[in-house]
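Colleague: This is the structure I want to talk about, given as C-alpha cells.
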C-alpha cells in the first residue's frame, strides 16, 4: 500500500485490518501520534488528512492511501517548532505530554474550520459568515481531546493566542 | 534545541516561571514513552480477562487461538514461568504491590477481569484477535460483591498507612455531640473512581540474558519495581534495569500491578522481547482505582461555632486481604480544634480489583464529607463558612499536640476570599438567578500531609567546562520534575540553568523514592542538598593550598557565580573550571543520600488551601456547570510558579470530575465494571473546565528541604466539598452522594418549566 505522510511517501505491506494509528505507531515508527483508548473517545490519535482532523484509531489505513496525511512529526520538530507548539510551551498547555500531539493537531484543524466559517454547538449566531473566536468556541471544539493532567487552561490560552495572532501563514477569522 | 527561554541564561531561577525543559520534546511528539521503544524481534501481547468474580479456571481451550497465523505462544497458569508473590507496598520495604496475590501461578480467579491467559503474537491485531478466540471454562464460587450488604461485617484494619486506625481525643465525642447546642450528623457516600491517565499502561520487557532483565515501564515507582522484581524473580537487583523517562500521566495508577509480571513472564516464555499495552478496558479490569466509601461526619458546636465534637467514621470497599483502606479520616486529624475527636475507619472486603492510591487517596473523599458537614453547620449557625473555619483554627495539632512547622491557612483564606469576591455572596440559598440557572458559591478547605521519603540519593558531577549533571532515578509524569530539579540544582551550584542537566527515569541512576505522596520534589531536593554538601568538601580538597580559598573550612565557603567563594566576600574564590584544571581533573563527582526526614517526626506538617468556586445549576436539566474557581494555597515555597500552577489546576480539574461526572459503575451481581471506557467514564473535557485562578502564600517551611511542600495532590482535595456547598448555595439542596449528576439534582429541585421558585432546603 502507498501512503503520503508529512510529504514523504511510504510503501508498506499491510494487513487490511490495520488502523491508521497502528500503521503510524507500530509500522512506521511515527510514535508522536498517541494511543489513549483505541475507540475514538480520547482524541490522542488525532491526525490531519488534507488539513481535516480525524481520529486515526477509527480509520482503517487502507482507506487513506494516497491522501495527504499530517502527523505531529510533520508539523514541527524540537529544533524547529510550529508557532502553536511554541505557544503550548509558553502557556504550559501540557504536563505529561501524552495527549499533546493530538491537542495540537486538533487545534490546527480547528483553525481551518473557523476559517471556513463552520459553526459549533456554542456558536451564538449561525447566520454570520464568520465565527467569532471566543474561549468557549475553542473549549467546545477541543472537547474531543481529553487531557487528564488538567492542562485545559493553558491549552485554551495557547490556541486562542494562535487564532488571534496568526503567524504569517494566516489562520483563523 | 530549546527555543528562546530567557530564564535559561539566568542564575537563580528558583521562584521563576521557567517553561518546561522537556517541552520541545513533548510538543513535537518526540518524547519516547514505554510503548515506543522497539527492540529487535519484538512480539506483542494481549490479555484474556476472567469472566467470573471468583472461582477456578477448569479448562482453557486455546486451539483456535493457537492455530491463528502469527500467534507465537499462549500463556496460562499451566505454562507461565514460576514467579514468587510480590511483596506489598508499605508493609515490606522492598514492596510496591498493592495486591500480593501470585500472578498466573494457579487456577484461582480473584476478581472479574483478572488475566487468565495472555496471547503473544507477531503484531497487536493478531494478539487481540487470537485472545478473543480463547475459550475459558470456570467453576464459579459465590463472591463478596455488595458493599452495602456487607457493611455490617466491616472490620477495622490494623493501621491506616502506619497511623492508628482509631483516634480519640478530649473525652467522649458522642456524648459531647449529644449535648451540643448545634449539630450536624450525616452520611456521605463516594463511588469508585479510576485514574484514567491518557497513556495506557505499557511495558516493553527484554530479557537480555537468562538472568538479566531490561524493562521499559510506564511507572512512578522505579526503585521499588526493581526491589519487588528481584524478590519475585529471585534475581539480584543489579540484574534488573527499569527505564521510564516519560510517563503519560500517573496519579497513583502507574506502578507495579499484575500486568508488570505478565509482560515479563510472556517475554520469558516467548524467548523474545514483548510489548504489553493494556487496552482502555484492560486498564479498568487490571488496575484498581479509588475505593468507594460511606462516611459519617458528626459535628457538635456552640453558638459561636466552636466545635465541641468532631466525629468522622465510615468504611471503604477494598479487595480481600489488601492493605489500602483510603485514609479518609486524615483531614479531620489535623484541621480543626474540636474539644473532642472520634475518628475511626473500617474496611469491607470484597472480591474486586485491589484499590490503589489515586491522587490524594482518602484525603480527597474524606475532605468531601468533612467540608460538606462544616458547610451544613455554618448554615445552621447562620455563620459565614470561612469565619466558622477561622474560629476553629487550632494552635497545635489537634491529634498529637505537636507544633505546626508552618500554618498559614487563615491568611490563605483571607487572600482567597478577597480575590474571589467572597463578601459579595448572598448566604441565603436559591437567591442568585440568571434565567433558568441558579447560581451559588461554595468554599472548602484543601488538605494534604507533608511527606518526605527516606533513602533518596542524588549524584552531582561538575565538569571542567563549568557544567553540572545531576542524576537521580526520579520520575517525570507531568509534574515538571526535570525542570524544577534543574532550577534547584542550578541555584545551589550558582550556575545558569542552561549549564545544568538533570538526568532521571532510569534505575541505573542513584535510587530515588517513588513519585507518590506528593514527596518527590522535597525528597530529591533533600538528596541534592546532601550531595552538594559533599561536593563543596570535595572541591575544597581539590582546590588545595594554591587556592585563594586555602585554609577555609566547608562551612566558610559557598557555591555561587559558577564557583566556590568565601562566604560574605565577593572577591575571594575561584571558578569550578579553575579548581578542576589546576587539580588536573576533568570533573568532580559526589553522591549522597538525603538526611532522614526527621522533620516529619518533630512537627505536624501540612499542606493547606482554600477552594472557592461558583456553580450554575440548571433548573430544567439539573446540569451543574462550574463557572469560576479560585484555589488559594499554603504549601511552602513554590519553586516554579508556571509548573506549580499547572499542578494545582490539574488537581482541581480532577476534583471537578470527581464531584460531577466521574464514577466507575460496578455490577454487584457479576463483579464486572460496566463502563470500562472513556466514552462512558466521563473525564472533564475542555468545555467543563473554566479559567482556574490559583494563588499561594509562598511562605517557605523552615523545616523542609528548600522550604517546599509537595503540591501534586492537594489540588483535588476540598473540590467536591466546595462544589457541593456551592450547589447548596445555588439551590438550597444538599447532595451528600458523589458524583452530583443531573438525576440527583433534579430529584430534589425539579419543578414544572417556567415556575421558577426559590428552592427550599
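FYI, it's all coordinate maths here, none of it is from the lab. Given the structure is predicted, the values throughout are model-derived calculations rather than measurements. As a convention, Cβ positions derive from the backbone with ideal geometry for all residues, glycine included, and neighbour counts pool all protein chains shown.
Colleague: Using a 10 Å cut-off on Cβ to Cβ distances, tally the other chain neighbours for every residue of A:24-31 and report the average as a whole number.
Modeller: Numbers: counts 0, 4, 9, 1, 0, 2, 1, 9.
Per-residue shielding by partner chains comes out at 3.
Colleague: As a footprinting exposure proxy, order B:365, B:740 by other Cβ within 10 Å, with the fewest listed first.
Modeller: Numbers: B:365 32, B:740 23.
By the 10 Å Cβ count, ascending, the order reads B:740, B:365.
Colleague: Right, next: Rank-order B:544-552, B:501-509 by packing density, defined as the average count of other C-beta atoms within 10 Å over each peptide's residues, highest first.
Modeller: Values: B:544-552: 13.7, B:501-509: 19.3.
So the peptides B:544-552, B:501-509, ranked by packing, come out B:501-509, B:544-552.
Colleague: Would you work out the relative contact order for chain B, in percent, from Cα pairs under 8 angstrom that are 6 or more residues apart?
Modeller: Values: 1971 pairs, mean separation 123.2, N = 761.
It comes to 16 percent, rounded to a whole number.
Colleague: Apply the a/c threshold of 1.5 to the C-alpha gyration tensor of chain B and tell me whether it is rounded, prolate or oblate. Please list the in-between numbers first.
Modeller: Numbers: a/c = 1.81, a/b = 1.09, b/c = 1.66.
In terms of gyration-tensor shape, oblate.
Colleague: Show me the ranking of peptides B:312-325, B:144-157 by mean Cβ neighbours inside 10 Å, starting with the highest.
Modeller: Numbers: B:312-325: 23.1, B:144-157: 14.9.
Packing order, densest peptide first, comes out as B:312-325, B:144-157.
Colleague: Is the stretch B:659-717 best put as rounded, prolate or oblate by its Cα gyration tensor, with a ≥ b ≥ c the root eigenvalues, rounded for a/c under 1.5, and otherwise prolate when a/b is larger than b/c, oblate when not? Numbers along the way, then the final one.
Modeller: Numbers: a/c = 4.72, a/b = 2.07, b/c = 2.28.
Because a/c hits 1.5 or more and a/b fails to exceed b/c, the stretch B:659-717 counts as oblate.
Colleague: While we're here: If you restrict to DSSP beta bridges whose two residues both lie in chain B, what percentage is antiparallel, to the nearest 5?
Modeller: Details: 100 of 130 bridges.
Around 75 percent of the beta bridges assigned by DSSP in chain B are antiparallel ones.
Colleague: Can you give me the C-alpha center-to-center distance between the stretch B:216-263 and the stretch B:389-417, rounded to a whole angstrom?
Modeller: Centre-to-centre (Cα) distance: 39 Å.
Colleague: When only C-alpha pairs under 8 Å and at least 6 residues apart count, what is the relative contact order of the stretch B:320-466, in percent? Mind showing how you got there, number by number?
Modeller: Numbers: 112 pairs, mean separation 37.5, N = 147.
Result for the stretch B:320-466 is 26 percent.
Colleague: State, to one decimal in nm², a quarter of the convex hull surface area for the C-alpha atoms of the stretch B:14-155, i.e. the direction-averaged projected area. Please report the intermediate quantities before stating the final value.
Modeller: Numbers: hull surface 60.5 nm².
Spelled out: convex hull of the Cα atoms, projected over all directions, averaged, 15.1 nm².
Colleague: Something else about it: Over the stretch B:174-296, calculate the relative contact order: mean separation of alpha carbon pairs under 8 Å at least 6 apart, over the residue count, as a percent.
Modeller: Values: 181 pairs, mean separation 48.9, N = 123.
After rounding, I find 40 percent.
Colleague: Right, something else. Gap in Å between the Cα centre of the stretch B:543-566 and the Cα centre of the stretch B:331-354?
Modeller: 53
Colleague: What ranking do B:239, B:475, A:50, B:532 get, fewest neighbouring Cβ atoms within 10 angstrom at the top?
Modeller: Working: B:239 17, B:475 28, A:50 10, B:532 20.
By the 10 Å Cβ count, ascending: A:50, B:239, B:532, B:475.
Colleague: Take peptide A:150-162, look around each residue's Cβ out to 10 angstrom, count Cβ atoms belonging to other protein chains, and average those counts.
Modeller: Numbers: counts 20, 6, 12, 13, 4, 2, 4, 1, 1, 1, 0, 0, 0.
For peptide A:150-162, the averaged partner shielding equals 5.
Colleague: Could you work out the mean count of beta carbons from other protein chains within 10 Å of each residue's beta carbon in A:139-148? It would help to have the intermediate numbers written out before the result.
Modeller: Working: counts 6, 3, 2, 3, 6, 2, 3, 8, 10, 18.
Mean number of neighbouring Cβ atoms from other chains: 6.
Colleague: Show me B:423-429, B:194-200, B:175-181 ranked by packing, highest mean number of other Cβ atoms within 10 Å first.
Modeller: Numbers: B:423-429: 14.1, B:194-200: 25.9, B:175-181: 15.9.
My ranking of the peptides, most packed first, is B:194-200, B:175-181, B:423-429.
Colleague: Okay, moving on. Given the DSSP H assignment, sum -39500 (n - 2.57) over each helix run of at least 4 residues in chain A and divide by its residue total; what's the result at 222 nm in deg cm²/dmol, nearest 500? Don't jump to the answer; show the numbers that get you there.
Modeller: On the way: 5 runs with 48 residues, N = 173.
Helices in chain A give a 222 nm mean residue ellipticity of -8000 deg cm²/dmol.
Colleague: Here is a follow-up. In what order do B:696, B:629, B:207 fall by count of nearby beta-carbon atoms within 10 Å, going from fewest to most?
Modeller: Details: B:696 22, B:629 26, B:207 18.
With the sparsest Cβ surroundings first, the list reads B:207, B:696, B:629.
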